[in-house]
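For reference, the structure discussed in these notes is given below.
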Amino acid sequence: MDETGPATGYDGERAGGATYREVVRERDVRILAISRFMAKTGISVLAYGTMVYLARGGASQFQLSLANGATFLAALLFGFQGGQIADTVPKRVALGAGFGVQAALCVLTPTLFGTGVGELLLLIFVASALAQVVAPGLKAAVAVVSTPAQLATAGALVSVIGSIGSAIGSAFIAPILIKTTGIEVVLYVSGGLFAIGAVRVLALPEERGPQDIRAAMRDVDWKPRALSLTETARWVVGNREVGSMILIGAIVVALYQGFNTLLPVFVRDVLQEDPANTVYIFAPAGLGFLAGALYSPRLMHWFGERRVAVVSLGCMAGGMMLFGILDTVAPVFAVVSPLRLLELFGITVSTKTLAAGVIAIPTNFGSTAAGAAIQTFINRRVPVEQQGAIFGVEQVQTNALCLAAVMLLGAVSTFTGPRFVYLVAPVIVIALIVWLVVYSYRSVQGEHMTRRQALDTLFSEGSTVSEGSTGP
């Protein structure tokens, strides 16, 4: 890195110009990217592997939603505290401990306790709770190892690599393992991925500061204040610029998680395929992740992080709604499906399956680009010493919405089927966030706000985050 030093977060200007090639040359950035990949892939294999396992056994959509909801409940309860721990102790200590315990749990659970539904749900919950230390620590470390000129590209690289890992875990590794082996192998592979992450983060440079993670955990207030709507409302109003950006990202993540949670039953009941064949059906969706990886830094440099996040939301919402009217649009999208190449080998694929693979491309682009935009936005505008807590707040608010969306959409899908839910999901999730904004301004400032004004608040610039105001 050059002598300009790491980004501080106080500079609100966009600093573009660094290319992926320049950023990848930095050893510490490579370590963060690989560790982020292992973290996201490991938890994705664990959670989605469990859902595919249950779906193949005939489980209902609501039961699958419970499995995925366990990840969001853990983040909701411990997200802010995990961010505080990531800020208090050196990054490699917090990250190494989090990864190491996750790996041990994945290996020991099937060996000592078995793979019943209860054991699997508990494992997902605890592993996700530990991820609340790992995820904020990895995100905050980007600002430590990058210069201002490298920040957008480095942040996008780490975020996108994580999104790709999540996609590979859910769309490829988990279904293949369930189809060819069993749930025990899924858990062992997840543990191996976490172990690799633990080894990699230990190669980060040493940081000054207290090394005792147990003392840091004792000093944290474990009371789940994030569950208070009043505290959340105060934070949203007091940190308008960062808060509104986090809420936009929360919408995208909630839609993506809702999309993934409904997918096994959608594949089984609508496409009439084995849920384990998801890897083949949605292989073209990798083009969306690739586009997000390649172009999100350039788009942020040209248009800014907020505009990129809004466009990503449009891609995500539009893709989901097209799944809801798949019967109508399938003939149009099936014509341009890359899966038609299978016909050269004598493999016949249904029109709806061909179309589903194409529609997933913009959906996955939206999820990837939005994650990169949110992380870069926070890395630029928040002081480094507060970023772990801010990312912890992001985890809490995002996962609160994800938990509500996944459980609500899963319950509705149980009675109506996944196609109807895909059609109305964007409206439901955006309505929840608009309601939160309206509630926040009414309860904190006594200010009446219309739904249109709440939308304007989300998509326009506001006040910057104030020093010391890092969480509810």
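None of the figures in this text is laboratory data; all of them are computed from the coordinates on show. These numbers come from a predicted model, not from an experiment. Here Cβ is always computed from backbone atoms with ideal geometry, including for glycine, and neighbour counts include all displayed protein chains.
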Distance (nanometres) between label positions extended 7 Å along Cα→Cβ at ASP456 and GLU22: 3.9 nm
Mean Cβ count within 10 Å, highest first, over the residues of peptides 415-421, 294-300: 294-300, 415-421
Approximate shape of the stretch 234-368 as ellipsoid semi-axes (Cα gyration tensor, √5λ), whole Å, largest first: 32, 17, 11
Extent along principal axes [Cα atoms of the stretch 367-440; Å; largest to smallest]: 47, 29, 16
Debye log10 I(q)/I(0) for the stretch 29-101, one point scatterer per Cα, at q = 0.15 Å⁻¹: -0.65
Highest average packing first - 57-70, 127-140, 308-321, Cβ atoms within 10 Å: 127-140, 308-321, 57-70
Two-decimal Rg to Rh for the stretch 108-169 - Kirkwood Rh, Cα set: 1.17
